[in-house]
Amino acid sequence: MVIRVSPNAQGLIAKSFLKKFEPILGKESKTFFESLTWFLPKTIRVNTLKASEQSIVRFLQNSNSKFEKIEFLDHAFFVSSNFEVISKSLEHELGLIQIMSASAMIPVIALDPKVNETVLDLTAAPGNKTIMLAQFMGNQGLLIANESDEVRLKRMRIHLLKNGVTNCLLTHQDGIQFDVGLKFDKILLDAPCSSDGEINKTINQLKDWSQEKVIKFQELQKQLMVHAFDLLKPGGELVYSTCTFSPEENEDIVQFLLDSKKDAHTVSIKLKGLKGTLPLEQYNGKRYSFEVRNCLRIWPYKHNLEGFFVGKIKKSE
Ligand SMILES: C[S@@+](CC[C@H](N)C(=O)[O-])C[C@H]1O[C@@H](n2cnc3c(N)ncnc32)[C@H](O)[C@@H]1O
């Protein structure tokens, strides 16, 4: 692992962020703060809609890259050298491979959509997880990708076309009122969030981090979460994910849903070979209910991956 800057991460991070996470992580907080300056391994995913894993392994070998299969994810590889060649390759241009962080693949693995299910991606742009959902569904069934931002929606249309997605309908609605007269078997809510877990992209943002922003996102996430749950069929499943460390946007949101809906229950998420993913048990003087422990947290300092939170919820039959 390469440290990006001085191990004294503290100068790069807002004091309010340090003050917030120090009591949460206790003696692990120093390593956590340092990890926010690490370069994390780059990862790619085979777009199984357009290419076989075998052909992409051959391409990686021919590009003289060092690569390694990711144990807990199918069709995904860590690439530790020559990444630039891969990111500028024809294979990437043509949508045979996707460049996305390993953590960002986990919500789709957790949702595990099947061929012929009716699936909603409620806040979908730029569409990386939508492409993965279509892969799981073998481009069959109905996949709806919704996005409220018009510019991002237009870019997503091109991204999905390039990646060979053909079972997807795009909608342009506010997710808190989304309605197309359908109920869904599976819903992904990869929520808008304060994004501090995307550490390779956001180290500069950590300087301007603010609790006010966290609370603003929390309000939106609560509304999106409850509405997403209402859009499920009985027996349907919802995955909630964020790329932020803040409990207000993670465990709090799952707890809020469990408190609001008596027919909501969490489901454990199984990922082979990934340990130490338990969520927080308490925060700010509140103990979360036992059900919240089914959720999963990815930390850069423990997993050498971008920060992510994933919770899976089932609606009773
Ligand atoms: C975290 S990003 C989704 C990333 C996407 N799942 C992917 O993997 O490519 C969240 C998206 O939600 C959109 N968004 C924010 N507020 C929304 C709302 N009220 N309704 C629908 N989409 C919203 C944002 O514009 C952003 O594109």
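Every number here is computed from the coordinates shown, using simple stated rules; none is lab data. None of the values given here were measured: they were computed from a predicted structure. Here the Cβ is made from the backbone with ideal geometry for all residues, glycine too, and neighbour counts use every protein chain on show.
In this Cβ point-charge picture (+1 for Lys and Arg, -1 for Asp and Glu), the chain has a dipole of about 580 debye about its Cα centre.
Over the chain, all Cα pairs binned in 10 Å intervals from 0 give whole-percent P(r) values of 6, 27, 35, 25, 8, 0, listed from short to long.
Taking amide hydrogens as placed 1.01 Å from N in the peptide plane, the amide H of residue 171 sits under 5 Å from those of 145, 146, 147, each at least 5 positions away in sequence or on another chain.
Of all DSSP-defined beta bridges confined to the chain, some 60% are antiparallel rather than parallel. The residues neighbouring residue 137, those whose beta-carbon lies less than 13 Å from its own, together hold a net charge of -1 under the Lys/Arg +1, Asp/Glu -1 convention.
For residue 80, what is the net charge nearby, where nearby means another residue's Cβ is under 13 Å from its Cβ and Lys, Arg count +1, Asp, Glu -1? Summing Lys and Arg as +1 and Asp and Glu as -1 gives +1. Both numbers refer to the Cα atoms of segment 192-245; Rg and Dmax are 13.9, 44 Å. Remark: segment 207-212, residue by residue, has Karplus-estimated 3J(HN,Hα) of 5, 9, 4, 9, 5, 4 Hz, where x stands for each Gly or Pro and the curve is 6.51 cos²θ - 1.76 cosθ + 1.60 at θ = phi - 60°.
Across the chain, the mean sequence separation of Cα contacts (distance under 8 Å, 6 or more residues apart), normalised by length, yields a relative contact order of 18 percent. Seen from residue 221, the other residues with C-beta closer than 13 Å to its C-beta sum to a net charge of -3, counting Lys and Arg as +1 and Asp and Glu as -1. The eigenvalues of the Cα gyration tensor, multiplied by 5 and square-rooted, give segment 41-100 an equivalent ellipsoid with semi-axes of 14, 14, 10 Å from largest to smallest. When the chain is described by a simple charge dipole with +1 on each Lys and Arg Cβ and -1 on each Asp and Glu Cβ, the residue from 106, 221, 234 located farthest towards its positive end is 106.
Ranked from largest, the principal axis spans of the Cα set of segment 106-197 equal 31, 29, 26 Å. Can you give me the C-alpha center-to-center distance between segment 253-296 and segment 23-63, rounded to a whole angstrom? Taking the Cα centre of each part, segment 253-296 and segment 23-63 sit 25 Å apart. Exposure proxy shown here: for 166, 118, 244, the number of other Cβ atoms within 10 Å sets the order, fewest to most, as 166, 118, 244. Each of 240, 283 has some number of other Cβ atoms within 10 Å of its Cβ, and from fewest to most they run 283, 240.
The fewest-to-most ranking of 239, 180 by surrounding Cβ atoms within 10 Å reads 180, 239. Once you reduce segment 101-165 and segment 70-84 to the center of their Cα atoms, the two points are 21 Å from each other.
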